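Just passing along the structure, written as C-alpha cells.
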Amino acid sequence: KAGVTQTPRYLIKTRGQQVTLSCSPISGHRSVSWYQQTPGQGLQFLFEYFSETQRNKGNFPGRFSGRQFSNSRSEMNVSTLELGDSALYLCASSLGGRTYNEQFFGPGTRLTVL
Amino acid sequence: AQSVTQLGSHVSVSEGALVLLRCNYSSSVPPYLFWYVQYPNQGLQLLLKYTSAATLVKGINGFEAEFKKSETSFHLTKPSAHMSDAAEYFCAATSSGSARQLTFGSGTQLTVLP
C-alpha cells in the first residue's frame, strides 16, 4: 500500500498570501489529521477530518481551515500568511473508527513565509 | 488539559550504550501514550504505544517503554544504541481512545557517538 502523500513538499510564500496544502491518505483510511511543527511550539494539533466533516479542532486562529473530499483526500488552507506560519505541516491518516487505529504520518510540507 | 514533558532536549550516547529517553505526562484520565521517531526531512514513525494493556510495551527496532502510573512516566529505552538510532524522538499522549488528537512533548534529539 502506498503511504500518506503530501504535496507540495516545499513551499515559499510571502506575508499576506494564502496557501493550500494537500494530503492523500492511505487507501481505505477515512480520517485525516493535521499538525503544525515549529522549533518554538513543537508539534501542535490543527484539526481532524472524518467523512468530510471536521471532527476535532485544535487551538489555532480561523486563518487555518481545512476540508476533506469524498475520496478522503484533505486540504488545509492558511490565509493571510504571517512569518510565524513558517513550519512543517504534517498530516496523518487512520481508519478512523471509535477505537484505536494507528495514525500514519506523511513526510510533511515545509512552508516558508518570507 | 493534557501535557507531555520530555526531559532533555538533547541526549548523547555512545554506540552500544543504553538509551534512556524520559517522558512524563499529566492527565486527569488514563492516557494512551506513544513514542514516535522522526528522521530528517521525514514524517513521524510510530515506535510503540501503550493503550491500557501490558505496562511494558515492546516496539520496533529494539525499543521498549514502561508505563508507570505512580510516576506518571513512560520512558523509552533501548539496551544498545546503534548509529541508525540517531533521530528526534517524540512522546505523545491522548485521553481519547481513538487517539487521533495527540498532545506531543517537545522532542528529544538523540545523538549516537561512535
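Report ³J(HN,Hα) in whole Hz for each residue of the stretch B:83-96, in order, from the Karplus equation J = 6.51 cos²θ - 1.76 cosθ + 1.60 where θ = phi - 60°; Gly and Pro get x.
3J(HN,Hα) across the stretch B:83-96, in whole Hz: 3, 6, 7, 5, 4, 9, 10, 10, 9, 9, 9, 8, 8, 8.
Same structure again: Find the relative contact order for chain B and round it to a whole percent, using C-alpha pairs within less than 8 Å whose residues are 6+ positions apart. Let's see the in-between values first.
Values: 291 pairs, mean separation 43.3, N = 114.
Relative contact order comes out at 38 percent.
Quick one: Debye curve from the alpha-carbon atoms of the stretch B:1-94 only, equal weights, vacuum; give me log10 I(q)/I(0) at q = 0.14 Å⁻¹ to two decimals.
Reported log10 I(q)/I(0), two decimals: -0.48.
Across the stretch A:22-32, in residue order, what do the Karplus-derived ³J(HN,Hα) couplings come to in whole Hz, using 6.51 cos²θ - 1.76 cosθ + 1.60 with θ = phi - 60° and x for Gly and Pro?
After applying 6.51 cos²θ - 1.76 cosθ + 1.60, I find 10, 9, 10, x, 5, 4, x, 7, 10, 10, 10 Hz.
For the stretch A:1-40, take every pair of Cα atoms, bin their distances at 10 Å starting from 0, and report each bin as a whole percent.
21, 46, 27, 7
Assigning unit charges at the beta carbon (Lys, Arg +1; Asp, Glu -1) and nothing else, what dipole magnitude in debye, to the nearest 20, does chain A show about its Cα centre?
The dipole magnitude comes to about 100 debye.
For the stretch B:1-64, what's the relative contact order in percent, using C-alpha pairs closer than 8 Å and at least 6 residues apart?
Over the stretch B:1-64, the number comes to 23 percent.
Still on this structure, I have one more. Which value in nm describes the separation of the simple spin-label points at residue A:52 and residue B:9, placed 7 Å from the Cα toward the beta carbon?
Each label point is offset 7 Å from its Cα along the Cβ direction, giving 4.4 nm.
OK, next. Where does each of B:44, B:7, A:90 land when they are ranked from fewest to most other beta-carbon atoms within 10 angstrom? Could the numbers behind the result be given before it?
Values: B:44 28, B:7 14, A:90 24.
So the residues, fewest neighbours to most, are B:7, A:90, B:44.
Please report, in debye to the nearest 20, how large the charge dipole of the protein assembly as shown is about its Cα centre when each Lys and Arg carries +1 at its beta carbon and each Asp and Glu carries -1 there.
Computed about the Cα centre, the dipole is about 520 debye.
Starting from the eigenvalues of the Cα gyration tensor, five times each then square-rooted, give me the equivalent ellipsoid semi-axes of the protein assembly as shown, largest first, whole Å.
29, 20, 16
Tally Lys/Arg at +1 and Asp/Glu at -1 over every other residue whose Cβ is under 12 Å from the Cβ of residue B:105; what's the total?
Around residue B:105, the charge tally is 0.
Quick note: the coordinates plus some simple rules give every number you see, no bench work behind them. This one's a predicted model, so the numbers in the text were calculated from it and none came from an experiment. In this analysis, Cβ positions are derived from the backbone assuming ideal geometry, glycine residues included, and neighbour counts consider all displayed protein chains.
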